[in-house]
1. Looking only at the range 13-23, count every residue that is surrounded by 15 or more Cβ atoms within 10 Å (Cβ to Cβ), out of contact with any strand residue (DSSP E or B) (no Cβ under 6 Å at 6 or more places or on another chain) and either farther than 17 Å from Leu93 by Cα or among the aliphatic types (A, V, I, L, M) (or both) and tell me the total.
2. Could we say that Arg4 is assigned to a helix (DSSP H, G or I) and more than 18 Å from the chain's Cα centre (by Cα) here?
3. Among (1) among the hydroxyl-bearing types (Ser, Thr, Tyr); (2) in contact with a helix residue (DSSP H, G or I) (Cβ under 7 Å, 6 or more places away or on another chain); (3) buried (at least 16 other Cβ atoms within 10 Å of the Cβ), which single condition is Thr169 missing?
4. Can you name the number of the only condition in (1) touching a helix residue (DSSP H, G or I) at 6+ places or on another chain (Cβ under 8 Å); (2) surrounded by fewer than 20 Cβ atoms within 10 Å (Cβ to Cβ); (3) free of Cβ contacts under 8 Å to residues at least 60 places away in the same chain that Glu184 fails?
5. Can Thr104 be described as of a type outside the set (Phe, Trp, Tyr) and touching a residue at least 40 places away in the same chain (Cβ under 8 Å)?
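Throughout, read-outs are computed from the coordinates displayed, never taken from laboratory work. Nothing here was measured: the structure is a model prediction, and the numbers come from that model. Please note: Cβ atoms are built from the backbone with ideal geometry, for glycine as well, and neighbour counts cover all protein chains shown.
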Amino acid sequence: MDARELLAALKVAEKLKDTTRHCYTTKGRRESVAEHSWMMTLMAFFMKDEFPQADISKVIRMCIIHDLGECFTGDIPTFLKTEAHEETEETLLADWVNSLPDSTRTEMTDLYREMEERQTLEAKIYKAIDSLEALIQHNLSDISTWSENEFELNLKYADDRVGFSEYLTALREEIRKDTINKIENR
């Protein structure tokens with residue numbers, strides 16, 4: 001990617017720094033999509049020894065790019081996102097990815113396909129991390145920032161995404177314990 005192409009790509013990706021999510025930080029401000037992606041990437045790095053058979057570098061790449069479609073649509077919480085929202089985001093993202101240099105376009109297209117199919121170990125790890133990070137952030141934020149449906153959601157969300165791994169299942173249980181403690185002590 002030459003210098004001008006890099007600057008153009010970064011101009012689009014930078015939007016995620018200002019695109020807020022439904023989650024809040026511990027200091028009470030809305031979290032950005034970029035911050036969510038960064039925390040996911042850090043989680044993947046910290047988990048690398050738990051998955052010696054996985055290509056953690058690939059998981060990290062998936063974490064970095066997974067929400068780039070939100071540069072175009074903003075963040076829509078999972079419990080509000082419709083199929084129409086997903087189609088719009090996918091179309092706008094594909095248009096942008098197709099404008100990138102060949103090697104970058106090919107790698108990103110392959111990663112997005114793998115992430116969507118969720119058949120590989122790396123794609124399963126990425127998707128579990130994506131869901132678990134949101135739960136962790138909710139537990140770190142003040143409970144007054146939770147919407148009413150999040151009390152139940154934080155107790156059940158991501159259960160279906162961790163079953164392939166004893167480690168991630170145990171992590172999910174620890175997150176659930178934190179949620180229960182947070183709810184009981186509000």
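1. 3
2. yes
3. (3)
4. It is condition (1) that Glu184 fails.
5. Spelling it out, Thr104 is indeed of a type outside the set (Phe, Trp, Tyr) and touching a residue at least 40 places away in the same chain (Cβ under 8 Å).
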